[in-house]
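The structure under discussion appears below in the form of structure tokens.
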């Protein structure tokens, strides 16, 4: 018995098949979910993957947030369903107010694709238990709208509650406040980050590191042991 | 027929690199005396029927929930009369 | 045209004396007369639109095709070739039931006019060519050439082009894995924006652009048709453009990558359900091209109702609808009982799809507007029987003088200190500097199959997760070499791309090309073109790599000044297991550096002559394709058998450029010794072809040497991977930090 992890495809999703592969590599069963279906097919967790959903023409993630599948995702996330938002998925989670703050264009105004160094700040979320707090990892980053912003009160609250899950190291690639690369909700079941762990699961591919695999093994362990 | 315009701007405290890039270009183009530039979005909504209080309230809701992300953006809603000129 | 009554076929026959604006549409007088002769009457406005756009240089290859025939005539025997020249893109068998399609195209003029949209729609067009073959696109590459790096217009054009390629390609989910960025004053005002793409499919999924089976429906799907790029194909791409000419409709096409992404997914889903008989993308010449090509490649005729074309702008005339170059559209031929399912799939992806016509059992292409027939032509005369020119060509009078201006006689550095100074200048020069500022604006990782991406010698993509089967692609061109000798220059481009593929461990299989030249009406340019094509065709024959397709871009000139002749060659290769790929970066200290091949005093067209002396003259390096083939075999065998841990081809900038790149990428330095029989300067800067450096683990040295010895490939031990400096014994030493600052600082300083 393994865990079933859903991956939502919106029109304009790009990393859906890559994310399914990463779930498979970790030993879980990927389940394709379609944006027009409210049905989550009884999955145990959901990943909102990277891409440019609906072209991101209004704001990154703003239109996807109103798709039928998101109604169910939002309801169930509030009830504890583990949800991981990667890149565009993170943007969708902030637009859906499942995570605080918002995402804006990179401060240098260019798309940026790089092997990004991060520090794991919170290893207690549903998606990060296979890391150690303080661990330094490299995960590919690729985005246009990666600048995390929130008001001072929200930032202080995130910091005080240990809800900054990942922080950029060495280089802040997009002007994110407090070098924030990823955050979690209070319950720790919803996590969003800009870098792409699904592109760091095989030693041959991409940057040649597997630092992203623990995202998927963390959730698998949690679900199988539950 | 009437047009309702929704202007969406980043909140004043949020960094606007596109506006800054425009501002930095101004002196090079010979425009002096402009101390700040902010870039925003303008939506033009062509409304069938009268733009009454109720219609404006609905558009306000639309702007608040969809056209703008009020975590990072402010918006204004205003009516713009368009002449019924033949196209 | 829109003010006059509808110009029907009947009306045209009855009014033979009506004057049509054939000249404004880019037709020559004899071409127009030929149209009248074909039709037996004057053409209607709609017919004239179709002929003019399809007979443009861009669509008909009228100046180039007499030369391009050599690619077919001299094609080497190849089991790998599944679909050759003439289709949207060539298709190559890469084994295990997989087929790969790839092609390079130009979007030069549009990218000068509007850099962002020009480059973006260039990516969109090449990707639709790949989909139209039945393949899923898996990667893109972008060979780019701009004017002088410090010219103000380069600062306008380059960032726009790069943002456009990124903005479009990144949004499609296609990893950008290779290409080039070259600066040269000759491209000022005529930047070369070439775009290549690769797609993968199973053999049985290959689709072709043909409309067969009377009663089958013609479905137009994708974006609505607007006034984009009307006249673009015939005017923008075929004559040197003139800023002052007013245009009724915007000539710039605007791309919508989101729409294209949907088009990819819904097309592939329709292919998977075997719903498609024939397919064609709409690019240059839009519906004129798609309908006439589909009809002429099939067995029957076609009837199209233009009123059914979904429009973005309801004021468009039928002529404009036929010529519109609105992006993100495709045309499929579908059997009647499968139409509903096809439309359902389009609806699933929110793609607009409309039946606009059907295949007939006649042999005419008939197009109707408001119930009246406005086009009645033999589609072959539109699509395939355009004019053919035997343009005069002659070796330019200045060629001898150029070749006599020998770069080998330029003053050379006389001390270690001077050498060191020139090395720093070279690696920091715009052409040799790191292009990371540019390539980091492209997504390399999407799809999760990227094994190698720039700045590696070739881009490599895994295509089968289980077996590790992969493909590699490299694109190369050197306009400076080609200017000195176009025949040799084209072969050097081929040799370099071939070598780059082999250096990463892949076996070169096939070639695509993008031939960028000045005006064919100039006999000197036409000679350059003829020589380059002859050189490339001869070279491909000798290397056993057939040309599968490509693109010609002419009129790249401003006034009398043409660009350097710039044949850009893409070589596709296959590797059985991507786990065996060889990267550029030095991997481990202590590994031995070997130089493979012969080094001669060859500085004509070299980076050194450009950077240090601003000189272009003499002869380009000699080409020995048998040696290239041998070098390739050694590199592939060494990769397969685990004898080398890194490898880098030697090309512009010579050995020192390659060593510095490998050192910086690996974060490990090198100690070099000048081999016997060579002086330090020639050793470091010569650009002799047929060479590579490899890093050999000490445990493999004997085996590697034995292999090279047995095969007769010169292999010279030149040093060791070591430390944090690049040192040439007895000459100079440079720290990696200084080299990195020089190599990586240039482009951001110029453009950021």
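Structural remarks
- Here C:651, C:688 are placed in order of increasing Cβ neighbour count within 10 Å, fewest first, which gives C:688, C:651.
- Cα centroid separation, the stretch C:554-576 to the stretch A:71-140 (Å): 43 Å
- Note on residue B:36 and residue A:169: their simple-model spin labels are 3.8 nm apart, each label 7 Å out from Cα toward Cβ.
- Residue A:178-residue B:29 FRET efficiency (beta carbon distance; Förster radius 25 Å; 0.05 resolution): 0.10
- Of all DSSP beta bridges in the stretch A:4-225, antiparallel share, percent nearest 5: 55 percent
- Inter-chain Cβ neighbour count for C:445-456, averaged per residue, equals 6 (cutoff 10 Å, partner chain atoms only).
- Highest-MSF residue in chain A out of A:133, A:181, A:28 [GNM, Cα springs under 10 Å]: A:133
- For the protein assembly as shown, share of DSSP beta bridges that run antiparallel, in % to the nearest 5: 75 percent
- Chain A, helix-only ellipticity at 222 nm - DSSP H runs n ≥ 4, -39,500 (n - 2.57), divided by all residues, nearest 500: -7000 deg cm²/dmol
- Across A:126, A:79, A:64, mean-square fluctuation computed from a Gaussian network of chain A (C-alpha pairs under 10 Å connected) peaks at A:79.
- Degrees between helix C:486-503 axis and first principal axis of chain C (Cα, 0 to 90, nearest 10): 70 degrees
- Distance (nanometres) between label positions extended 7 Å along Cα→Cβ at residue C:404 and residue C:337: 7.7 nm
- Length gained when the stretch residue C:710-residue C:698 is fully extended (0.36 nm per residue, less Cα-Cα span): 2.4 nm
- Expressed in Å, the radius of gyration and Dmax of the Cα atoms of chain C are 26.3, 88.
- Here residue C:299 and residue C:676 are evaluated by their C-beta separation; at R0 = 45 Å the FRET efficiency comes out at 0.05.
- Relative exposure of C:130, A:63, C:352, judged by other C-beta atoms within 10 Å (fewest first): C:352, A:63, C:130
- Gyration tensor (alpha-carbon) shape descriptor, the stretch A:4-225, a/c threshold 1.5: rounded
- Cβ-based exposure ranking for C:323, A:103, C:707, in which fewest neighbours within 10 Å come first: C:707, C:323, A:103
- For the stretch C:617-676 and the stretch C:137-181, distance of Cα centres in Å: 27 Å
- Computed extension length for residue B:62-residue B:3: 19.7 nm, one decimal, from 0.36 nm per residue of separation with the Cα-Cα distance subtracted.
- For the stretch A:148-226: rounded, prolate or oblate by the Cα gyration tensor [a/c cutoff 1.5]: oblate
- When the alpha carbon gyration tensor of the stretch C:46-185 is reduced to an equivalent ellipsoid, the three semi-axes, largest first, read 28, 22, 16 Å.
- The stretch A:4-225 - percent relative contact order, Cα under 8 Å, separation 6 or more: 20 percent
- Highest to lowest packing among A:192-203, C:518-529, C:257-268, scored as the average C-beta count within 10 Å: A:192-203, C:257-268, C:518-529
- Compactness index (Cα Rg / 2.2 N^0.38 Å), the protein assembly as shown: 0.95
- Overall form of chain B per C-alpha gyration tensor (a/c, 1.5; a/b vs b/c): oblate
- Peptide-level mean, for C:168-177, of C-beta atoms on other protein chains within 10 Å: 4
- For chain C, the longest principal axis of the alpha carbon atoms and the long axis of helix C:654-666 meet at an angle near 90°.
- Taking chain C and dividing mean pair separation by its residue count, relative contact order in percent (alpha carbons under 8 Å, at least six apart): 15 percent
- Test item: A:4-16 mean partner chain Cβ contacts at 10 Å: 3
- Working from label points 7 Å from Cα in the Cα-to-Cβ sense, the residue C:77 to residue A:152 distance is 8.0 nm.
- For the stretch C:582-751, DSSP calls about 90 percent of its internal beta bridges antiparallel.
- With Cα atoms, 0 to 90° folded angle of helix C:115-132 axis to chain C main axis: 80 degrees
Only the coordinates and a few stated rules stand behind these numbers; no lab work does. In this text the structure is predicted, and so the values were computed from the model without any measurement. Positions of Cβ are backbone-derived with ideal geometry, glycine not excepted, and every protein chain shown enters the neighbour counts.
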